[in-house]
Amino acid sequence: MDLLLQLIEKNKVNIYDIPIAMITDQYMEVLNELKQYPMDNISEFLVMAATLLRIKSQMLLPVEVTEEEEAVDPRTELVERLLEYKMYKYASLELKDRQIDAARHLYRAEKLPKEVAGYKEEIAAEDVVGDVTLNRLNEIFRDIMKRQDDRVDPIRSRFGRIEKEEVNFKEKILAIQQFGLSHKRFSFRRLLEKACDKIELIVTFLGILELIHMGRVSIRQNRPFDDFEVEYLASDVVPVEAFV
């Protein structure tokens, strides 16, 4: 089959319309050059040669017509076998290339220091956040942002604006802690609504996330799509100097 495919590609003929006489003659010429090889090695070549000679002789006979009045092409079975062989051949070549590429990859064995491998976070994020997801927090954040846009007066906003001092992230975290220490439990949405502008709103949101990460604040949701309840877990306030 491989030799037959080579002859078809060499002559650049259509595999669905093989010139069987020409291909058979070329195949027999190659086969005559293989006479010095042992019979066991060329037995498959002889079988294919016999198949080609049979098809060549059938092509000389009148065309057989089926009951559906369709002409039967003697080459049909050979073409199907060639296509199947060609598919498996190129699939095997692709697998071989992948095997060669995989052999070039080297993996280093995992060798973590004992101190790193045995390290455990003091606070588990699952215990603090619970079933609250960042997507849900983001939904509340975007809702509050939209409300901030709705507060803008489309007429007065054209007359300029009064610039405010930039909101300090460390001072905002300190303010949230002081608020949490005095209230212990409060609404996440209402905390965001206290912001005067978008900048303060964003800084407040990031401050809550930072305090959650530090384990000083936990949030929970009693019912789906409900507001979050923020609980201040610490009994003190981390000073501004402690933040990097």
Quiz prompt | Conditions (1) surrounded by fewer than 18 Cβ atoms within 10 Å (Cβ to Cβ); (2) within 15 Å of Val167 (Cα to Cα): number failed by Ser187 | solution = (2)
Exercise. Kindly indicate the residue of the range 158-184 that is modelled with pLDDT under 85 and aliphatic (A, V, I, L, M) and also surrounded by the most Cβ atoms within 10 Å (Cβ to Cβ) among those meeting that condition.
Key: Val167
Practice problem: Kindly indicate whether Lys111 is among the charged types (D, E, K, R) and modelled with pLDDT of 75 or more. | Solution: yes
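The values are calculated or read from the model by the stated rules, or taken from the named source; none is laboratory data. Note that the structure is predicted; figures quoted are calculated from it, not measured. Please note: Cβ atoms are built from the backbone with ideal geometry, for glycine as well, and neighbour counts cover all protein chains shown.
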